[in-house]
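Scroll down for the structure; my scribbles are underneath it.
The values are calculated or read from the model by the stated rules, or taken from the named source; none is laboratory data. Predicted, not measured: the structure shown is a model, and the values here were computed from it. So basically every Cβ, Gly included, is an ideal-geometry build from the backbone, and we count neighbours across all protein chains shown. Ligands, DNA and RNA are stripped out before the accessible areas are found, and what is left, the full protein with its side chains, is counted by its heavy atoms. Shrake-Rupley method; radii C 1.70, N 1.55, O 1.52, S 1.80 Å.
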Amino acid sequence: MCPNMPRDLTDLLYPRSVAVVGASATPGKIGHALFSNVAGFTGPVYAVNPSHKQILGRPCVPTVADLPADVDLAIIAVPPADALRALDACGRKGIRNAVVITAGFKERRGEGIERERELVRIASAHRMNVLGPNSFGLISPRARLNATFAPRGAFAGTIAFISQSGALGSAVLNWAWQREVGFSFFVSLGNKAVLAENDLLAALARDPETRVIAAYLEGVEDGPEFVRLASEVTRDKPVLVLKAGTTEVGARAAASHTGALAGSDRAYDAAFRRGGVLRVRTVEELLEGAVALSQQPLPRGRRVGIVSNAGGPAILAADAAADEGLELPPLSPGTVASLVERFPAANIANPVDILADASADQFQDAVEWVLADPKVDMGLVLTAPHPVLTFAELARILAAAHRRHAKPVVASFLAGEIGDEAEKILSAAGVSAYFEPARAVRALATLARYREVQDRPPPDRSTVDADRAQARELLGSRGPRLGVESLDLLTAYGIPVARGGVARGPDEAEALAQDLGEEVVLKVVSAEVVHKSDAGGVRIGVPGSGVRDVYREMVRAVPAATGVYVQELLPPGEEVIVGIVRDPTFGPLVMFGLGGVLVEVLEDVAFALAPLSRGEVEELVRSIRGFPLLEGARGRPSVHLPALVEVVERISHLAADFPQIQELDVNPLLCYPDRVVAVDFRATLG
Ligand code: ADP
Ligand code: MG
C-alpha cells in the first residue's frame, strides 16, 4: 500500500454489522464478556461458535465461512493459532476489518514474533485493516459498539482516545465512566502489526464527531509521516500525546557532543513540537487536557485572571501559572476601580482576593468584572469550603459567567467533595473543576498552548543557496570520521569558518602560519581523537617562531596524528554548539546550545527537526536557558543574532540534504557582535 495514501477505516470505525469469533455462552469467560458487550450494538451481530445456534439472543454460526456476506467487522478472541486461521477465513469471506484481541504475538517474543509476521502476511494478502493483535478492543459509543471485554463501556462524547497499552486504556475507560466523560471513539492499538497511530490519526481527523484526539503512545512507527500528518490535523483538532519511555536507559556510545546529548526523547519532543502535538507528562494531564479542550473556548492569549476568597490557594495558583508560562496581568483601571469600590477591605491585584466572607452576589460581581476585562484571556476561580457560600451557588455563578464570556473558565474547589448539585451544574456548563489549583492552571495552559499551535504561521520551507556539488564531493572523499580539517564542508554551505589549513610537516606548518597572523592555533588532525584539547591536541596563541617545535610536540603526543591543522587565532567570543544527529524514527535533528568545552556539563541545548525555517531557528535559539548571555546580559554586547541564526539554518539544510551524515558538531561556533565563525568541526558518516 502506498505509504502516504491514508487507509480507509470507514468500515472499521462505522461498521454496519459485526461478528465475534470466539463468542462464548459461558459466563466468566472473556469470550462471553466480550460478546455481551458487542451484543448491545445497534446493527446485526453474529457469534461464531460451533456449539450454539444462538448466544444472548443473537444468531450463532459454526464457522466464519457460515457468516452472511455483509459483515463489515470481525472481532477475534480465540487462541493464537486459531486467531490466524480465523483472520484468514474472514479475509476469504470478504470481511475487510478485524480487531484481534488475542494475545501471544510479538509481545511474547519467541514464536510469537513469527506468528505476528504471519498475521501481517494474511492481512496484506486480503487487504484487511487489522487492529491488534493483543488489542483491548474498540468502542464506538454512538453506535453502541463496545468491542472490548471492559465491564463498562463509554459515554458518547467528542474525545477520541487511542492507546498503545490495553491496561492503560481500561484504566482510562474507568476514569471517564466515573466522571461521565464521553468518547467519540476508544481504540486500543495493541501490537500495531497492521494499523498504527498514523492510520487512526488520519481517520479520526476526518470524523465529524471527534473534536479532540488524545493518545497514549510508547513509540511512533513512521516518524516523518506522523509529523506531516500531525501538522495537518492539529490545525483543526488538538492532539494530545502522553509518550512513555522518557528516561533513556543505558549510555550511548557517541562520537560527538550532539550524539551524547541527543536521546530519542529529544527527538519526540522536537517531532511533537513540529507537528503541533501537545505533549503531556501524566495520565491525568492527558485526560483533563482533553476534557478542557473539548469543552472550553480557546483563549486569545496567555493572560489569566484569578478570583479567590482564599489567600493561600491563590498564591499556589499564581506559582503554578508562572511554572506554566502563563501571565497574571494587572487588571484594567476600570476593573480595579469597580472592585475597590465593592471590596474596600480586599486586596485588589491579580489574583483578586475578595476575602473569606464574600457573599454569592459579591463573588458574582468579581468574576463578572474580571472576565469582562479585556486584559484577561481566561479565568480561574478558587475557593475553599466556607459557611457564607455553597459550592452549588458558586457553580451557578461560574456556569453563568462561562455562558456570557467566550473565555475559558476553570475552578479549583479545595474540598474533598463539592456535592452532586455543584458537579451537575459545572459539567452541564462545561466548566472544569479541580481540587488542586495547579491542575486547574495546567488545563488553562493546555488551552493556551493549543491556541498558539493554531496561530503559528505556516513555516517557510525555502532552501538555502549552497554549493551542494562541492559538499557531495568532500563527503565522498573523506570519512567515516571527519575532524577540523573538514571545516571546508561548512564553507561549501556558506558558513564562515576560521582561516587555516592542514600541515603534514613542521615546514608546511610554519609556511601556513605566516599567512595567518603573528600568533596561530595548532590542532592535531587524527580520526581517533574525539576531544583534541583533552589529548593535548590544541595549542592556542603559538607565535610564528614556535610553530615548528609545537608541531613536533603534538605529533609526538598523539602518535595517530596524520597532520596538524594551523588556524588563525581569533579573539575570545561566546561559544555555541550547532550539531546534527540522526534519529532512527524522525531523521535528522539539529542541536543548538551553549558550547565550548563545557557543553556536556551545562547541557543547555535544544533540538529541532531538520530542515528548519528561519522562524523555527529563531525559536530554537531563543529556547535555551543561556540565551540572555547571547543577547547581551549584564552590559555585554549582544552577539550577531542574524548571522548566528543563518548558520543554524544552513546546518539544518546540510543535515537534511545529506542522509549519510550520522552526527556532526560545530563546537565551538565563536560568536561576536559583528559576526560568527566556526573553529572546530567533527562528523561521522554512515
Ligand atoms: P576540541 O573541541 O577538540 O578540544 P577545539 O578546536 O574546539 O578543540 O578547541 C578547544 C577550545 O579552544 C575552543 O572551545 C575555543 O575556546 C578555543 N579555540 C579553538 N580554536 C580557536 C581559534 N582559532 N581561536 C581562538 N580560540 C580557539
Ligand atoms: Mg571543539
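Counting only DSSP beta bridges whose two residues both lie in the range 10-244, roughly 15 percent are antiparallel. Simple point charges give the picture: +1 on the Cβ of Lys and Arg, -1 on the Cβ of Asp and Glu, and for the range 345-454 a dipole about the Cα centre of about 540 debye.
When the GluC sites (Glu not before Pro) in the range 544-633 are filtered for DSSP coil states and for at most 15 other beta-carbon atoms within 10 Å of their beta-carbon, the remaining sites are Glu603.
Calculate how steeply helix 391-404 sits against the longest principal axis of the alpha-carbon atoms of the chain, using the helix alpha-carbon long axis, and give the answer as 0 to 90 degrees to the nearest 10. Relative to the chain, helix 391-404 is tipped by roughly 70 degrees. The phi torsions of the range 377-390, fed into the Karplus equation with coefficients 6.51, -1.76 and 1.60 and a -60° offset, translate into couplings of 9, 7, x, 10, 10, 10, 7, 10, x, 8, x, 6, 9, 8 Hz, rounded to whole numbers, with Gly and Pro shown as x.
Which aspartates and glutamates, if any, have their Cα less than 12 Å from the Cα of Lys93, not counting same-chain residues under 8 positions apart? Those aspartates and glutamates meeting the cut-off are Asp66, Asp70, Asp72.
Which shape class, rounded, prolate or oblate, goes with the range 408-448 when its Cα gyration tensor gives a ≥ b ≥ c as root eigenvalues, a/c under 1.5 marks rounded, and past that a/b bigger than b/c marks prolate? It is oblate, given that a/c is not under 1.5 and a/b is not larger than b/c.
For the chain, the solvent-accessible area of protein heavy atoms averages 42 Å² per residue (probe radius 1.4 Å; ligands and nucleic acids excluded). If only the Cβ of Lys and Arg carry +1 and only the Cβ of Asp and Glu carry -1, the dipole of the range 499-569 around its Cα centre is close to 200 debye. For the peptides 236-245, 586-595, 326-335, the ranking by mean Cβ contacts within 10 Å, running from highest to lowest, is 586-595, 236-245, 326-335.
Is the C-alpha gyration tensor of the range 545-686 telling us rounded, prolate or oblate? Criteria: a/c under 1.5 is rounded; beyond that, a/b larger than b/c is prolate, otherwise oblate. In terms of gyration-tensor shape, oblate.
Rounded to the nearest 5, the antiparallel percentage of DSSP beta bridges internal to the range 325-426 is 40%. For Lys237, the aspartates and glutamates whose Cα falls under 12 Å of its own Cα, not counting residues fewer than eight places away in the same chain, are Asp207, Glu209. In this Cβ point-charge picture (+1 for Lys and Arg, -1 for Asp and Glu), the range 67-112 has a dipole of about 140 debye about its Cα centre.
Each residue of the range 93-106 was assigned a 3J(HN,Hα) from its phi angle through the Karplus expression (A = 6.51, B = -1.76, C = 1.60, θ = phi - 60°), giving 6, x, 7, 9, 9, 9, 10, 9, 7, 3, 9, x, 10, 3 Hz with x at Gly and Pro. Couplings for the range 296-305, taken from phi via the Karplus curve 6.51 cos²θ - 1.76 cosθ + 1.60 with θ = phi - 60°, read 9, x, 7, x, 6, x, 9, 8, 10, x Hz in order; Gly and Pro are left as x.
Antiparallel beta bridges, as assigned by DSSP with both residues in the chain, represent about 50 percent of the total such bridges. Within straight cross-link reach of Lys532, meaning Cα distance under 21 Å, which lysines are found once same-chain residues fewer than 8 apart are removed? Once the sequence-local lysines are set aside, what remains near Lys532 is Lys523.
Packing here is the average count of other Cβ atoms within 10 Å per residue, and on that basis the peptides 84-95, 115-126, highest first, run 84-95, 115-126. Only helical runs count toward this figure. For the chain, summing -39,500 (n - 2.57) over DSSP H runs of n ≥ 4 and dividing by all residues gives -11000 deg cm²/dmol at 222 nm. In this structure, the amide hydrogen of Tyr46, modeled 1.01 Å from its nitrogen in the peptide plane, lies closer than 5 angstrom to those of Val18, Ala19, Val20, counting only residues at least 5 positions away or on a different chain. Name the residue from Ala98, Phe226, Gly166 whose Cα lies farthest towards the positive end of the charge dipole of the chain, charges +1 on Cβ of Lys and Arg and -1 on Cβ of Asp and Glu. The residue sitting most towards the positive pole is Ala98. Taking amide H positions as modeled 1.01 Å from N, with prolines and chain starts lacking one, no residue 5 or more places away or on another chain lies under 5 Å from Gly219. Axis angle, to the nearest 10 degrees, between helix 333-342 and the longest C-alpha principal axis of the chain: 50 degrees.
By definition, a body whose alpha carbon gyration tensor gives a ≥ b ≥ c is oblate when a/c is 1.5 or more and a/b is not larger than b/c, and the chain fits this oblate description. A cut-off of 5 Å between modelled amide H atoms, ignoring neighbours fewer than 5 places along the same chain, links Tyr434 with Ala411, Ser412, Phe413. As a fraction of the 1.4 Å probe accessible area of the chain, surface on carbon and sulfur atoms comes out at 52 percent.
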